[in-house]
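Engineer: Submitted below is the structure of interest, expressed as structure tokens.
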Amino acid sequence: KYGPIPDPGKGDFDGKPTPVDGPAVDRLREILATRKQLCIYDKELQNEQLIHFKIDHKEKARMLTHFYAFVYFQDWRQDLWSKRFVRDHIRYIDEIVCAAARIVNAVRAKAKSLASPNTNNDGEYDSFHIRRGDFQYKKVKLDAIELYKKSQEELQEGSLLYIATDERDKAFFNAIKEHYNVTFLDDYMDLVKDINPNYYGMLDQLVAYKGRIFFGTWFSTLTGYVNRMRGYYSAKYKLDEYENGAINSYYFYPNDKKYQMRDYRAVKLPIYMREFPTSWRDIDKGIGELGRE
């Protein structure tokens with residue numbers, strides 16, 4: 001009746017988001033992402049005391065994915081409410097957020113001190129997330145020279161660059177230091193003396209997401225959450241192109257993914273590799289309308 005299921009992997013919906021309050025069938029056709037099986041939440045499921053989501057690699061059933069890509073509400077107001085609930089209530093604890101705020105303040109102060117008078121009064125800085133360590137996707141582990149080359153068109157020489165990374169040998173970044181004033185979480189340990197070291201990755205995320213321009217690692221869920229937070233921020237403060245869900249973020253590699261965050265892209269398979277604008281775009285629409293016919 002409605003024709004073939006659109007395929008976001010082939011560019012369907014690129015730059016053309018379905019209105020968040022659009023007809024139920026149109027919103028469903030976008031979120032399907034070529035999937036053809038639905039699990040209907042009916043009275044039987046409603047009455048169950050426990051629902052188990054299995055993990056089976058043979059069936060490619062794995063819960064490493066985004067909530068908004070697997071839950072569809074026929075009522076658009078319920079859909080947006082669920083996304084606002086996650087945005088507003090499922091977040092890092094205050095201890096982590098406050099520690100990150102201290103670091104952001106220090107990074108901004110450093111950015112101001114490095115700039116000419118009255119040229120960077122807001123203390124803007126840029127940020128990278130460079131995943132190294134035991135990351136299984138070897139093809140995205142580029143050397144420092146390649147990282148510089150792939151980002152140089154978007155960044156300004158001599159600017160302050162915050163690098164979130166699990167690379168312990170900071171000499172790895174020497175080629176990047178030749179072009180930017182590079183700073184790491186390690187430089188601000190005096191501000192987080194009592195913080196559990198297990199929180200360091202979360203601190204890196206929160207500092208990186210406040211960057212003016214952000215470059216991330218494809219396939220990385222840490223980069224993904226940085227971009228989701230940047231999406232929330234862009235929508236709240238109505239930054240450039242916020243209406244379309246675009247944010248000022250890029251990827252180092254693969255080359256054809258560099259500008260994925262610069263325009264609207266619908267959810268597509270495999271879902272875990274990045275975050276999608278449907279999680280932040282226009283989700284404050286209809287606040288107060290739940291329960292209305």
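Engineer: For the chain, set up a Gaussian network in which alpha carbons nearer than 10 Å are linked by springs, and say which option among Lys268, Lys60, Lys110 fluctuates the most.
Structural biologist: Lys60
Engineer: Divide by every residue of the chain the summed helix terms, -39500 (n - 2.57) for each DSSP H run of at least 4, and state the resulting mean residue ellipticity at 222 nm, rounded to the nearest 500 deg cm²/dmol.
Structural biologist: -9000 deg cm²/dmol
Engineer: Another question about this same structure. Distance cut-off 25 Å, Cα to Cα: go down the list Lys10/Lys257; Lys110/Lys141; Lys16/Lys139; Lys149/Lys257; Lys139/Lys177 and report the pairs above it.
Structural biologist: Lys110/Lys141; Lys16/Lys139
Engineer: With everything on Cα atoms, drop me the angle between helix 94-114 and the longest principal axis of the chain, reported from 0 to 90° to the nearest 10.
Structural biologist: 50
Engineer: Right, something else. Helix 76-89: angle to the longest alpha-carbon principal axis of the chain, degrees 0 to 90, nearest 10?
Structural biologist: 30
Engineer: What spacing in nm lies between the two simple spin-label points modelled at Asp75 and Thr221, each 7 Å away from Cα in the Cβ direction?
Structural biologist: 3.1
Engineer: Considering only the other residues whose Cβ falls under 13 Å of the Cβ of Ile176, what net charge follows from Lys and Arg at +1 and Asp and Glu at -1?
Structural biologist: Its environment carries a net charge of -2.
Engineer: Related question: Rounded, prolate or oblate: which one fits region 210-293, using the alpha carbon gyration tensor with axes a ≥ b ≥ c (rounded when a/c is under 1.5, else prolate when a/b beats b/c, else oblate)?
Structural biologist: In terms of gyration-tensor shape, prolate.
Engineer: Accessible area, 1.4 Å probe, largest first: how do Asp94, Asp204 sort?
Structural biologist: Correct descending sequence by accessible area is Asp94, Asp204.
Engineer: Mind telling me which of Leu50, Leu114, Leu38 comes out most flexible in a GNM of the chain, alpha-carbon contacts under 10 Å?
Structural biologist: Leu50
Engineer: Moving on to the next point. Averaged per residue, what accessible surface does the chain expose to a 1.4 Å probe, in Å²?
Structural biologist: That works out to 58 Å² per residue.
Engineer: Another one. How much of His89 can a 1.4 Å solvent probe reach, expressed as accessible area in Å² and rounded to 10?
Structural biologist: For His89, solvent-accessible area is about 120 Å².
Engineer: Something else about it: Quick one: accessible surface of Met63, probe radius 1.4 Å, all protein chains present, in square angstrom to the nearest 10.
Structural biologist: For Met63, solvent-accessible area is about 110 Å².
Engineer: Related question: In degrees from 0 to 90, rounded to the nearest 10, what is the angle of the helix 221-237 Cα long axis to the longest principal axis of the chain?
Structural biologist: It is inclined by approximately 80 degrees.
Engineer: Sort Ile5, Ile287 from largest to smallest accessible area, using a 1.4 Å probe on the heavy atoms of the protein chains.
Structural biologist: My answer, sorted largest first, is Ile287, Ile5.
Engineer: Using protein chains only and a probe of 1.4 angstrom, how many square angstrom of Glu243 are accessible, to the nearest 10?
Structural biologist: In the full protein context, Glu243 sits at about 110 Å².
Engineer: Of all the accessible heavy-atom surface of the chain, with the other protein chains kept in place and a 1.4 Å probe, what percent is carbon and sulfur?
Structural biologist: The value for the chain is 49 percent carbon and sulfur by accessible area.
Engineer: If you average the alpha carbon positions of region 133-173 and of region 213-267, how far apart do those two centres end up, in angstrom?
Structural biologist: 17
Engineer: When the expected Rg is taken as 2.2 N^0.38 Å, what fraction or multiple of it is the alpha-carbon Rg of the chain?
Structural biologist: 1.08
Engineer: Then there is this: Pick from Ala235, Ala106, Ala61: which is most flexible by mean-square fluctuation in a GNM of the chain where alpha carbon atoms under 10 Å apart are linked?
Structural biologist: Evaluated over the chain, the most mobile residue of the options is Ala61.
The values are calculated or read from the model by the stated rules, or taken from the named source; none is laboratory data. Values in this document were obtained by computation on a predicted structure and should not be read as measured data. Every residue, glycine as well, gets a Cβ built from its backbone with ideal geometry; the counts of neighbours run over all protein chains shown. Only protein heavy atoms, including side chains, enter the accessible area calculation; ligands, DNA and RNA are left aside. Shrake-Rupley method; radii C 1.70, N 1.55, O 1.52, S 1.80 Å.
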